[in-house]
Amino acid sequence: MTAYVVQRLLLMLVTLFAIITLTFFLMHAVPGGPFTSEKMLQPEIQAALNAKYHLDDPLWLQYLNYLRGVLSLDLGPSFKYAGMSVNEIIAEGLPVTMKTGALALLCVVALGVPLGIVAALNRNRWPDTLVMVIATIGVAVPSYVIATVALYVFALRLGWVPTFGLDDWRGYFLPVFALSGFWISFIARLARSSLLETLQQDYMMTAKAKGLKRGTVLFKHGLRNSLIPVVTVLGPVVANLLTGSFVIEQIFALPGIGRHFVLSITNRDYTAIMGITIFYAAVLMVMIFIVDMLYLVLDPRIKYRADAK
Amino acid sequence: MTDIEIAPEMWAPTTRNGAAAEYIAAPSLTFWQDVRKRLWANKPAMLGLGFIILLVLAAIFGPMLSRHTYFEQNLKLSNVPPLFQTYEVTDSTGATTRFFFNSGNLNLYEVTPSGEVAGLLRATKKDLIKKQQQFKFGDKQVVLDTAKQQLSFADGTALAPSGWQWNMSNVLGTDQLGRDVLARQLYGARISLTVAFVATLVNFFIGVFYGGLAGYLGGKADTIMMRIVEVISTIPLTLYVILIMVVFNSGFLSVVLAIGSVYWVDMARIVRGQILTLKQQDYVAAARTMGASTPRILVRHLLPNSVGPILVTLTMLIPSAIFIESFMSFIGLGVTPPEASWGTLTSEAVETLRAYPYQLFFPAAAISLTMFAFNFLGDGLRDALDPRLRT
């Protein structure tokens, strides 16, 4: 168990190192330097800028410097916002992204799982059909379409919620809804099929035969076992909620990391792109790690060993 | 209890017929015949397949048949809706002018009797303070109140609409640059589908090759190769598609490259799993004793037998490739203008959402319907290939 956790942590470090390396060299493979723009800078200024940001160093030295910076949690300066560091950009956007992301995750779990359970318990009756129709639509319609349609209907036409920003608590409704729509549907479908499968297991029959109460049978024997596949996908869900926020934050003009990321892409702000990518990757890996540990707690049958394949 | 009446002759012993016992009533079906039968019986899957075939045909032949091109602009006829309410004004000489009012850009357009948009009507006088525009039709004068969006004659009586007319020159209307929406929609389908199919094909080759090799070689090679896959799968792939797009600059080819080079991990895992179980089979040992080479065993024996799960993964990969492409185009990293994909069409429609909300409908519906179709087909294929998995 401890060996497994240590191994996982080591693998995470290796992955992070691979990501940093890959991102660094990808970003340096881009033709043109960060200060190449329509306005030609004077060569002296260009040289001074390159010297200031150590861009005239050989690539390997830049790479080592960058690695050292990342190790000391310093992602370097932004090339486009003078005086802003990538750390500051992330620190500025993080609260917004975290808040919407956490709310969306909460919605996914708090709505997706019960919907799936209701559907499974009413198999082939109207609640099941209703949930499945909604879930199918939710999986097929892209999040940005949901977002723009919701924005038009609820914000522009009906005026129930503000069209942008999070100054008002009602501003959270639409972004969270658009962000979590796909995953609510996905989790509902998954929870339904998983619970249906569990309900057919022999131990469910045994529990019923022992004369346990219906609630106990369902919650202690059925649900706990059927939620395991749901927990496994929560890691990727977190990942997708974070990357999904690129578009959602763009549409609702939320000042989160996703919007900064898209902005830095359009500005070709290479250090910002690099820094935010690494930050995202690190957050995601930690999340996936936590989910895997959760999985361990939830399912006592699984014993991770270091050599487990 | 009710008595069951059985006629006495029913109790007579039947004549034994050895040949009849051996007779198989239903024709024997091969695995694929069985799969096809189950798939045919699955209505949503067949609907999905039908839709996909129609879509592919429309994407291939649609742009050829359309009389507009996806890049031809006509700024005078921008943002024309597909369906509008026409008004008619007849002057004293009996000449009738048919026109409609576009509430988005506050213009009047002349309409021919057959329903084609003839052109923009010029106001004879614009009064910006009163927010009024005057139009002359022969000796009749019509006043357009732009604030109230009302049309009336000079004497103040309101103009009544004469009926609804479908736009015959641009069946789905035009966009903000006056380009035909239908032509762009068809061309967008072409781009989106090509990206999806080519990227999926690239994924297929990399994934099958990698997974097949790892599964077949086994041992140390397998461990190392799967570790690499594990490392790749913890990286959020959307980020990498974005990074690759930044490096190669946006454009059709780089979208394909970016999506194709990243999403093969699932395919590799599935193929490896299949190969691992299949290579223990006796026919593989038989082939090897007969001197078949490793590539031959892989290509002729192992891969054909794992084609089911590969097929299901492929049908599921295509919609996600469409999704990612539209996602990339939406944040401005997809194909370059004036080329169109469903993603760029959606983001263009979003820009004019306030004035022309209906413009969002067509690209959004196209993506969503295609998603439905591929999802249904994929589910159907999975059920048909392995009925035990059905839930």
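Which members of segment A:136-160 meet the condition of being without any contact (Cβ under 8 Å) to a residue 40 or more places away in the chain and among the hydroxyl-bearing types (Ser, Thr, Tyr)?
A:TYR152
Could you list all residues from segment B:332-382 that are at the interface with another protein chain (Cβ under 7 Å from one of its Cβ atoms) and free of Cβ contacts under 8 Å to residues at least 24 places away in the same chain?
Listed by number, the residues that qualify are B:THR346, B:VAL350, B:LEU353, B:ARG354, B:PRO357, B:LEU360, B:ALA364, B:SER368.
Counting just the residues of segment A:64-121 that are of a type in the set (Val, Ile, Thr) and more than 30 Å from A:SER194 (Cα to Cα), which one comes out nearest to the chain's Cα centre (by Cα)? Let's see the steps before the verdict.
Keep residues of segment A:64-121 that are of a type in the set (Val, Ile, Thr), which gives A:70, A:86, A:89-90, A:96-97, A:100, A:108-109, A:113, A:117-118.
After this cut, where a residue has to be more than 30 Å from A:SER194 (Cα to Cα) as well, the list is A:70, A:86, A:89-90, A:96-97.
Numbers: A:VAL70: 21, A:VAL86: 20, A:ILE89: 18, A:ILE90: 15, A:VAL96: 14, A:THR97: 10 Å.
Looking at the filtered set, the residue picked out is A:THR97.
All but one of (1) more than 21 Å from B:GLY212 (Cβ to Cβ); (2) buried (at least 17 other Cβ atoms within 10 Å of the Cβ) hold for B:ALA287; state the number of the condition that does not hold.
(1)
When the residues of segment B:28-38 are filtered to those that are part of a helix (DSSP H, G or I) and of a type in the set (A, V, I, L, M, F, W, C), which remaining residue is farthest from the chain's Cα centre (by Cα)?
Among those that are part of a helix (DSSP H, G or I) and of a type in the set (A, V, I, L, M, F, W, C), it is B:PHE31.
For residues that are of a type outside the set (A, V, I, L, M) and closer than 26 Å to A:MET293 by Cα, scanning just segment A:192-215, find the one that is surrounded by the most Cβ atoms within 10 Å (Cβ to Cβ). Give the derivation first.
First, pick out the residues of segment A:192-215 that are of a type outside the set (A, V, I, L, M): A:192-194, A:197-198, A:200-203, A:206, A:208, A:210-211, A:213-215.
Right, trim to closer than 26 Å to A:MET293 by Cα and you get A:192-194, A:197-198, A:201, A:203.
Numbers: A:ARG192: 26, A:SER193: 18, A:SER194: 22, A:GLU197: 15, A:THR198: 21, A:GLN201: 14, A:TYR203: 12.
Going through the qualifying residues, I end up with A:ARG192.
Mind listing just one residue for me: the one in segment A:100-127 that is within 12 Å of chain B (Cβ to nearest Cβ) and part of a helix (DSSP H, G or I) and, of those, surrounded by the most Cβ atoms within 10 Å (Cβ to Cβ)?
Looking at the filtered set, the residue picked out is A:GLY116.
Does at least one position in segment A:264-282 carry a residue that is over 16 Å from B:TYR240 (Cβ atoms), within 16 Å of the chain's Cα centre (by Cα), away from chain B (no Cβ under 11 Å) and touching a residue at least 24 places away in the same chain (Cβ under 8 Å)?
The answer is no; no qualifying residue exists.
Assess whether A:GLY138 counts as being assigned to a helix (DSSP H, G or I), more than 11 Å from chain B (Cβ to nearest Cβ) and either within 24 Å of the chain's Cα centre (by Cα) or at positive phi (or both). Step through it out loud before you land on a result.
Values: assigned to a helix (DSSP H, G or I): yes; more than 11 Å from chain B (Cβ to nearest Cβ): no; either within 24 Å of the chain's Cα centre (by Cα) or at positive phi (or both): yes.
Spelling it out, it is not the case that A:GLY138 is assigned to a helix (DSSP H, G or I), more than 11 Å from chain B (Cβ to nearest Cβ) and either within 24 Å of the chain's Cα centre (by Cα) or at positive phi (or both).
Go through segment B:47-69 and count every residue that is closer than 11 Å to B:TYR187 by Cα, aliphatic (A, V, I, L, M) and crowded, with 16+ Cβ neighbours inside 10 Å.
Residues in segment B:47-69 being closer than 11 Å to B:TYR187 by Cα, aliphatic (A, V, I, L, M) and crowded, with 16+ Cβ neighbours inside 10 Å: 2 in total.
For B:MET225, which of the numbered conditions (1) over 27 Å from A:THR277 (Cβ atoms); (2) within 14 Å of chain A (Cβ to nearest Cβ) fails to hold?
(1)
Would you pick out the residues in segment B:248-257 that are among the hydrophobic types (A, V, I, L, M, F, W, C) and surrounded by 18 or more Cβ atoms within 10 Å (Cβ to Cβ)? Before you say what the answer is, go through the steps one by one.
Of segment B:248-257, the ones among the hydrophobic types (A, V, I, L, M, F, W, C) are B:248, B:252-253, B:255-257.
B:VAL255, B:VAL256, B:LEU257, listed by residue number.
Within segment B:156-168, is even one residue over 18 Å from the mean Cα position of the chain (by Cα) and under 28 Å from B:VAL335 (Cβ atoms)? Give the derivation first.
We begin by selecting, within segment B:156-168, every residue over 18 Å from the mean Cα position of the chain (by Cα); these are B:156-168.
Within this subset, residues satisfying the condition of being under 28 Å from B:VAL335 (Cβ atoms) are B:167.
Scanning segment B:156-168, I find at least one residue that is over 18 Å from the mean Cα position of the chain (by Cα) and under 28 Å from B:VAL335 (Cβ atoms), so the answer is yes.
Taking the criterion of being more than 30 Å from B:GLU72 (Cβ to Cβ), surrounded by 15 or more Cβ atoms within 10 Å (Cβ to Cβ) and in contact (Cβ under 8 Å) with a residue 12 or more places away in the chain, would at least one residue in segment B:115-135 satisfy it?
yes
Which ones in segment B:316-331 are more than 10 Å from chain A (Cβ to nearest Cβ), within 14 Å of B:THR194 (Cα to Cα) and not aliphatic (A, V, I, L, M)?
B:SER320, B:GLU325
When you scan segment B:180-197, how many residues do you find that are among the basic types (Lys, Arg) and buried (at least 24 other Cβ atoms within 10 Å of the Cβ)? Give the derivation first.
Going through segment B:180-197, the residues among the basic types (Lys, Arg) turn out to be B:184, B:190.
Narrowing the set further to residues that are buried (at least 24 other Cβ atoms within 10 Å of the Cβ) leaves B:184.
Final tally of qualifying residues: 1.
What pairs come out if I take residues in segment A:17-30 that are facing chain B (nearest Cβ under 7 Å) and pair them with residues that are aliphatic (A, V, I, L, M) and outside any helix (DSSP H, G or I) whose C-beta lies under 6 Å away, six or more apart or interchain?
A:ILE19/B:ILE235
Being touching a Lys or Arg at 6+ places or on another chain (Cβ under 9 Å), at pLDDT 80 or above, surrounded by fewer than 18 Cβ atoms within 10 Å (Cβ to Cβ) and of a type outside the set (D, E, K, R): is that true of B:PRO309 here?
Taking the combined requirement at face value, the residue satisfies it.
Restricting the search to segment B:218-240, which residues are modelled with pLDDT of 80 or more and buried (at least 17 other Cβ atoms within 10 Å of the Cβ)?
B:ASP222, B:MET225, B:MET226, B:VAL229 - these are the residues of segment B:218-240 that are modelled with pLDDT of 80 or more and buried (at least 17 other Cβ atoms within 10 Å of the Cβ).
Can you list residue pairs whose Cβ atoms sit under 8 Å apart, with the first residue in segment B:312-324 being over 19 Å from B:PHE252 (Cβ atoms) and modelled with pLDDT under 85 and the second being among the charged types (D, E, K, R) and not in a helix (DSSP H, G or I)? Count only pairs 6 or more apart in sequence or on different chains.
none
Read through the list (1) in contact with a Ser or Thr (Cβ under 9 Å, 6 or more places away or on another chain); (2) without any contact (Cβ under 8 Å) to a residue 40 or more places away in the chain; (3) among the small types (Gly, Ala, Ser), then give the number of the only condition that B:GLY260 fails.
(2)
What number of residues within segment B:288-345 are under 19 Å from the mean Cα position of the chain (by Cα), assigned to a helix (DSSP H, G or I) and among the aliphatic types (A, V, I, L, M)?
Residues that pass the stated criteria total 11.
Among the residues of segment A:209-229, how many are at pLDDT 85 or above and in a helix (DSSP H, G or I)?
Final tally of qualifying residues: 1.
List, please: which pairs have Cβ atoms under 6 Å, are six or more places apart or on different chains, and start with a residue in segment B:51-72 that is part of a helix (DSSP H, G or I) and end with one that is among the hydroxyl-bearing types (Ser, Thr, Tyr) and surrounded by 16 or more Cβ atoms within 10 Å (Cβ to Cβ)?
B:PRO63/B:TYR187
Here are the criteria: (1) in a loop (DSSP other than H, G, I, E, B); (2) of a type in the set (A, V, I, L, M); (3) under 14 Å from the mean Cα position of the chain (by Cα). Tell me which single one B:ALA366 does not satisfy.
Result: B:ALA366 fails condition (1) only.
Just need a number here: residues in segment B:233-272 that are assigned to a helix (DSSP H, G or I) and within 21 Å of B:ILE318 (Cβ to Cβ).
Qualifying residue count for the region: 26.
Go through B:ALA59, B:ALA45, B:ALA25, B:ALA41 for me and flag whichever is over 24 Å from the mean Cα position of the chain (by Cα) and of a type outside the set (D, E, K, R). Walk me through it before giving the result.
Details: B:ALA59 fails: over 24 Å from the mean Cα position of the chain (by Cα); B:ALA45 fails: over 24 Å from the mean Cα position of the chain (by Cα); B:ALA41 fails: over 24 Å from the mean Cα position of the chain (by Cα).
Going through B:ALA59, B:ALA45, B:ALA25, B:ALA41 in turn, the sole match is B:ALA25.
Among the listed residues A:LEU179, A:LEU158, A:LEU130, identify the single one that is under 24 Å from B:ASP383 (Cβ atoms), among the aliphatic types (A, V, I, L, M) and either more than 14 Å from chain B (Cβ to nearest Cβ) or out of contact with any strand residue (DSSP E or B) (no Cβ under 7 Å at 6 or more places or on another chain) (or both). If you could, list the steps in order and put the result at the bottom.
On the way: A:LEU179 fails: under 24 Å from B:ASP383 (Cβ atoms); A:LEU158 fails: under 24 Å from B:ASP383 (Cβ atoms).
Being under 24 Å from B:ASP383 (Cβ atoms), among the aliphatic types (A, V, I, L, M) and either more than 14 Å from chain B (Cβ to nearest Cβ) or out of contact with any strand residue (DSSP E or B) (no Cβ under 7 Å at 6 or more places or on another chain) (or both) holds for just one of A:LEU179, A:LEU158, A:LEU130, which is A:LEU130.
Would you be able to say whether some residue in segment B:77-88 is charged (D, E, K, R) and within 19 Å of B:VAL171 (Cβ to Cβ)?
No, because not a single residue in segment B:77-88 is charged (D, E, K, R) and within 19 Å of B:VAL171 (Cβ to Cβ).
The values are calculated or read from the model by the stated rules, or taken from the named source; none is laboratory data. This structure is a prediction, so every number in the text was calculated from the model and none was measured. Methodologically, a virtual Cβ is constructed for each residue, glycine included, from the backbone with ideal geometry; neighbour enumeration extends over all protein chains shown.
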